[in-house]
Amino acid sequence: MIPFGQLKLSLLQSGVYIPQNVLEARQADWGLGAQSLELALALSDDFIVKSHLKTKKNGGPSLDIQDGQIRIASGKESMEVEVIPTPGFLRESLQGAGPAAHSVSLDGYCLNFFLRTTGEDKKLNLSIDEIATVIQSAFEEGAADLVQFNMDYCQDENLCLDRLGPIVEAIKNKFSAFVALRGFPPKNKRIIDKFYASGVDLLNYPLEGFANSDALAAAFPENQILQGLEYAVEIFPQGAVSTELDLQAAPLEMIQAKIDHLSRSGVVPILKLPTTVDASENAYAKIKEAARRLSEAAGRDKLNLKWLYPSCHSVTALDAAYFTEAPESARLSAKPVYQGRLSRKAVENFTILRRKLRVKNISDSYESAGL
């Protein structure tokens, strides 16, 4: 039986073909509109992928319904899967003409907002009210448990802390939600203290794959990102600081060395799965071995994996088993804090207490930051 990880990679890279009669019959059930370009699938419990829809059956995975079961065929093999319906709030956002139309996405149960500054006054593209409305709808549908702000490059010295800080504070006051920030590391590391004091629970500074220009890559060299990550580990709870590595950017040995270094530093490594097809014979073997190293490093360094969540586009130590083990035995290595009500409440209370203690001990607290 094909490993779930290999099928996920194939769906990411090749897309999925759905016969027109099946698509028309199930389009409404799956929450797909006429302009839908991708489909979310659960290959197993908490192992998910988003695959773009193909109009022609020209190789790669295909979806069909047999005896009432939804199945994916890949090569000579076929297995049962589940389609994850597109939530109503997301359909409305994507179909609307408002600011949130192209600035919101859902990755598993992580609700992503993509923020950037616009205009001469450099306001953020989404207001607090617009963000709160989307979160309210997502939470009412039970579609999300984690809110992540993906902050584009901001030329301000404080990386838009003065704009993003009040949004985080308002969200934390209005909702019972964990808030993550994914962005660029500040040159002044004390800004990281201020982001934590504002209410950010999780922090991700990607080492690779985030800067999409040579200028940005030069502005944020690897050593600055590493220093920001290592400083953040001293502030945030164990396992709440992560980074992203590009599987196609380096040989396996170099990727494994980076995984080891990050893990020993207390930073949780995340591997972004490649979306372009690699025809080499050992392409999947490289991913499998990198996933194995993620799992080994996390166990060796006792990383807290409960802050992670099943993602559509990456592999972490949380779900590495789906790449390294047989489908019938693969499981998540830990239960994310977002899934259990009691554990979630306990962690919420812990983070509130921890933040209060931390803020008391820093001169650059949220209040003194003037936010």
Item to check | Test result for K76, in contact (Cβ under 8 Å) with a residue 60 or more places away in the chain and over 20 Å from E24 (Cβ atoms) | outcome: no
Checklist entry - Does any residue of segment 88-106 turn out to be in a strand (DSSP E or B) and either over 30 Å from L161 (Cα atoms) or in contact (Cβ under 8 Å) with a residue 24 or more places away in the chain (or both)? => result yes
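Okay, residues lined up against (1) within 22 Å of I352 (Cα to Cα); (2) not in a helix (DSSP H, G or I):
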position: V134; (1), (2): no, no
position: S137; (1), (2): no, no
position: Q148; (1), (2): yes, yes
position: D156; (1), (2): no, yes
position: D162; (1), (2): yes, no
position: S176; (1), (2): yes, yes
position: P185; (1), (2): no, yes
position: I191; (1), (2): yes, no
position: K194; (1), (2): yes, no
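Of L252, L294, L226, which residue is hydrophobic (A, V, I, L, M, F, W, C) and either surrounded by 21 or more Cβ atoms within 10 Å (Cβ to Cβ) or in contact (Cβ under 8 Å) with a residue 60 or more places away in the chain (or both)?
Values: L252 fails: either surrounded by 21 or more Cβ atoms within 10 Å (Cβ to Cβ) or in contact (Cβ under 8 Å) with a residue 60 or more places away in the chain (or both); L226 fails: either surrounded by 21 or more Cβ atoms within 10 Å (Cβ to Cβ) or in contact (Cβ under 8 Å) with a residue 60 or more places away in the chain (or both).
When all the criteria are applied, what remains is L294.
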Checklist entry - Which residues, taken from segment 199-217, are modelled with pLDDT under 90 and either surrounded by 21 or more Cβ atoms within 10 Å (Cβ to Cβ) or at negative phi (or both)? => result L207, E208, F210, A211, N212, S213, D214, A215, L216, A217
Checklist outcome for this item: Exactly one of A180, A138 is farther than 29 Å from G266 by Cα, in contact with a strand residue (DSSP E or B) (Cβ under 8 Å, 6 or more places away or on another chain) and not β-branched (V, I, T), and that residue is A138
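Per-residue answers, yes or no, for (1) closer than 30 Å to F139 by Cβ; (2) among the hydrophobic types (A, V, I, L, M, F, W, C):
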residue: I192; (1), (2): yes, yes
residue: Y196; (1), (2): yes, no
residue: L202; (1), (2): yes, yes
residue: A215; (1), (2): no, yes
residue: D246; (1), (2): no, no
residue: G266; (1), (2): no, no
Next on the checklist: So if I check each of T316, T324, which one is among the hydroxyl-bearing types (S, T, Y) and over 13 Å from the mean Cα position of the chain (by Cα)?
Outcome noted: T324
Item to check | Members of segment 259-292 found to be under 22 Å from S10 (Cβ atoms) and in a helix (DSSP H, G or I), listed by number | outcome: A283, Y284, A285, K286, I287, K288, E289, A290, A291, R292
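The values are calculated or read from the model by the stated rules, or taken from the named source; none is laboratory data. Every value quoted in this text rests on a predicted model; they were computed, and no experiment measured them. Don't worry about glycine lacking a Cβ; one is built from the backbone with ideal geometry, like all the others, and counts go over all protein chains shown.
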